[in-house]
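Peer 1: Sharing a structure with you now.
Nothing in this text is a laboratory measurement; each read-out follows from the coordinates by a stated rule. Here the structure is a predicted model, which is why all the values come from computation and not from measurement. Ideal geometry is used to build each Cβ from the backbone, glycine not excepted, and the neighbour counts take in all protein chains shown.
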Amino acid sequence: MAGYGLRPYSGQGGSHHSGGFTEYPIVDAETESMFTGDFMIREANGFVTRLGDTAGNTPTGASAALSTIGVAVGFRYTNSDSTPVWSTTYTGNASNTDAFAFIADDPNQLFVIQSDGLGATAIQADIGENAPCLLFAVGDANTVTGISGMTLDISSAAVTAALALRLMNIVQNGENELRSGTETSDIVVRITNNAHAYANATATA
């Protein structure tokens, strides 16, 4: 089963999730493609793009270039035919203008992500640890649905502060929490304070 990136789940502490997002401008003629569920970053020019561009990166907070402002939940732009587009994908093109990314940017937002299941399935003992992500590359995304292919690297879960996501819970639906071995599973996560530009005390202008 392919990954689906990060999906907004709820607010921390069980608070109501409104589905809210903030619009951020994308520079005209941006040629990098972006997908719903991707980590996003503010560049030095003040515009936003996909963290790590084509190759993609898991945020660590080690620098401005590795600090995310949140997760993309959609895009709008005017394409080369001067047609307004609202989509799960921003398709990079040097003729695009008036582009914006819709970003879930609340540092307390919880998300659901699929663990990769490559070396192990997430278990309850993993909860509270941090983990990085895999399958960032543009080629890993689903270009039909516009959804990121990113997954959680559960085999690398640890207490390391620089890892991108804090494991908060295993989704409880009567099936997901019973998976074992090397099956994939859905995990509730939060972007760590180190990795989130709005939670890290160090500015990332």
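Peer 1: Name the single residue that is surrounded by the fewest Cβ atoms within 10 Å (Cβ to Cβ) among those in the stretch 145-163 being β-branched (V, I, T) and free of Cβ contacts under 8 Å to residues at least 40 places away in the same chain.
Peer 2: Applying the filter and picking the extreme gives V159.
Peer 1: Which of the residues spanning the stretch 27-64 are of a type in the set (S, T, N, Q) and either closer than 19 Å to N194 by Cα or buried (at least 18 other Cβ atoms within 10 Å of the Cβ) (or both)?
Peer 2: Within the stretch 27-64, S33, T36, T49, N57, T58, T60, S63 qualify.
Peer 1: Run down A125, A137 and say which single residue is among the aliphatic types (A, V, I, L, M) and farther than 25 Å from Q12 by Cα.
Peer 2: A137
Peer 1: While we're on this one: Just to be sure I understand, how many residues within the stretch 65-91 are surrounded by fewer than 20 Cβ atoms within 10 Å (Cβ to Cβ), in contact with an Asp or Glu (Cβ under 9 Å, 6 or more places away or on another chain) and more than 19 Å from R7 (Cα to Cα)?
Peer 2: Total satisfying the criteria: 3.
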